[in-house]
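The block underneath contains the structure these notes are about, expressed in structure tokens.
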Amino acid sequence: MRYNLRVWDIFHADWDRHDSPLDLALRTDLLRLSVYVHKTSLDVLAYGAPEKIRSLINIDECLADGLRTGARAALPALAAT
């Protein structure tokens, strides 16, 4: 949990930068998601709320899938340059 929380803190800091290349609406949604992950992670650490762990795992899996898909889509464009 602590490692996952640190990773999300890094994401949050990156998305919160004023010079982030992400669209403002996307950044806002991601920042809200990171706040949810932070709060839920602290609940799990403080109160041992195992029912909340599945929610965090689902979020992490969806984010990882999205990053993998984005990386695959970027590969042909990078190879062409």
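On average, how much accessible surface per residue is there in the chain, in Å², for a 1.4 Å probe, leaving out ligands, DNA and RNA? Provide the component values of the computation, followed by the final result.
Details: 5880 Å² over 81 residues.
About 73 Å² of surface per residue is accessible.
Keeping the other protein chains in place, figure out the carbon and sulfur percent of the accessible area of the chain, with a 1.4 Å probe.
64
Rounded to the nearest 10 Å², what accessible area does Thr69 have for a 1.4 Å probe in the complete protein model?
Approximately 80 Å² of Thr69 is accessible to the 1.4 Å probe.
Mean-square fluctuation check for the chain, GNM, Cα pairs under 10 Å: which of Leu31, Leu45, Leu22 is largest?
It is Leu22.
Nearest 10 degrees is fine. How inclined is helix 53-80 to the longest principal axis of the chain, computing both from alpha carbons?
10
What is the helix-to-structure angle for 24-47, meaning the angle in degrees between its Cα long axis and the longest Cα principal axis of the chain, kept from 0 to 90 and rounded to the nearest 10?
30
So for the chain, what percent of the C-alpha to C-alpha distances run longer than 18 Å?
On the way: 1661 of 3240 pairs.
Summing the P(r) tail past 18 Å for the chain gives 51 percent.
Divide by every residue of the chain the summed helix terms, -39500 (n - 2.57) for each DSSP H run of at least 4, and state the resulting mean residue ellipticity at 222 nm, rounded to the nearest 500 deg cm²/dmol.
Calculated from helices alone, the mean residue ellipticity at 222 nm is -28500 deg cm²/dmol.
The values are calculated or read from the model by the stated rules, or taken from the named source; none is laboratory data. What you are looking at is a predicted structure, and each value in this text was computed from that prediction instead of being measured. Ligands, DNA and RNA are stripped out before the accessible areas are found, and what is left, the full protein with its side chains, is counted by its heavy atoms. Shrake-Rupley method; radii C 1.70, N 1.55, O 1.52, S 1.80 Å.
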